[in-house]
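Enquirer: My structure is below; once you've seen it, I'll send some questions.
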Amino acid sequence: MEMTYEQRLRLMYQLCQAQARSDDLTEAEAIAALANTDIEDSAHYLASFLTFRAIQSAGHHPADELQSDFDMLGVYQCFGVMIYAFLFMPLTQDGMQPDYGRAQVTISKTLFDGLPAEQLAEIIESGFHKFKLIAEAESEHWQEYRENLDKVTISYMIATTDDDSPHSAEEVLPLFGQLLSQLCEAFTAD
C-alpha cells in the first residue's frame, strides 16, 4: 500500500508512541489508530521523541546541565524545533502551516518536564534564538548541517514506516545523536 507523507507521519507517531510506552501495538493497530491522530500533535511528539533519543544517544545529561551548563538546554530545544520544522515542511505543500509557538512550548514541556515556567520560557527563548540563527545562516557549514538533519529525519521516517527500507530505525537513530553532538559543540565553541 502506497502511503502519503501525512499517513507516514501519523503511522510513525503511533509506532514511536508505542515504543516509548513499551506497548505491544501491532502495525495493524497503529494503522487503525491513524484516523484519531492529529497531525500537529504527531509532529510535536516526534520532534520531542527524536530529540530525547538524540540526547540519550549522544550521552548527554540534561539534569546535570541544568546546574552546570543551562544554555545547553536551549541547544536541545533548538534541535527539537529543527526536527519539528523538517517533519512539518512537506505538509506545507498541502496548505498546512506549522505552529512554531505551540511546538516550542510542547517540546520544552516534554523534554524538561517539572521545570518552573520561568526556566521553560528562558529555554524556549534561547532555543528559538539558536534556531533562527541556524535557519538564516548562509555559511556552507550550516547549510550542510540543515541538509543532514533533514535527510536523517526523513530516513528515520522511512526506516520506521517502510518494510522495504534499506536501513532499520535502530540504525538511523544514532545519527540524531551525532548531529546533536555537532550542534552542542558548535554552541560550546562560540
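Read the figures in this text as sums done on the coordinates, not as results from a lab. A quick note: this is a predicted structure, and the numbers were derived from the prediction, not measured. As a convention, Cβ positions derive from the backbone with ideal geometry for all residues, glycine included, and neighbour counts pool all protein chains shown.
Enquirer: Against the longest principal axis of the chain, how steep is helix 39-58, in degrees 0 to 90 to the nearest 10, with axes from Cα atoms?
Expert: On a 0 to 90 degree scale, this one is about 60.
Enquirer: Evaluate the distance, in nm, between pseudo-label points positioned 7 Å from the Cα of residue 56 and of residue 69 along their respective Cα→Cβ axes.
Expert: With each label point 7 Å from Cα toward Cβ, the separation is 2.1 nm.
Enquirer: What nm distance separates the two modelled labels at residue 139 and residue 93, each placed 7 Å from Cα along Cα→Cβ?
Expert: 3.2 nm
Enquirer: Quick one: helix 5-21 against the long Cα principal axis of the chain, what's the angle to the nearest 10°, folded into 0 to 90?
Expert: Between the helix axis and the principal axis of the chain, the angle is about 70 degrees.
Enquirer: Something else about it: Would segment 39-189 count as rounded, prolate or oblate if I go by the C-alpha gyration tensor, calling it rounded below 1.5 in a/c and otherwise prolate when a/b exceeds b/c, oblate otherwise? Walk me through the intermediate numbers first.
Expert: Working: a/c = 1.43, a/b = 1.30, b/c = 1.09.
Since a/c stays below 1.5, the shape of segment 39-189 is classed as rounded.
Enquirer: Can you give me the angle between helix 169-189 and the longest principal axis of the chain, using Cα atoms only, in degrees from 0 to 90, rounded to the nearest 10?
Expert: For helix 169-189, the angle is close to 20 degrees.
Enquirer: Name the lysines eligible as straight-distance cross-link partners of residue 151: C-alpha to C-alpha under 22 Å, and not fewer than 8 places from it in the same chain.
Expert: Correct list for residue 151: 130, 132.
Enquirer: Please give the length that would be gained between residue 186 and residue 168 if that part of the chain were fully extended, namely 0.36 nm times their separation in residues minus their C-alpha to C-alpha distance (nm, one decimal).
Expert: Details: separation 18, 0.36 × 18 = 6.48 nm, distance 2.87 nm.
Stretched out fully, the residue 186 to residue 168 stretch lengthens by 3.6 nm.
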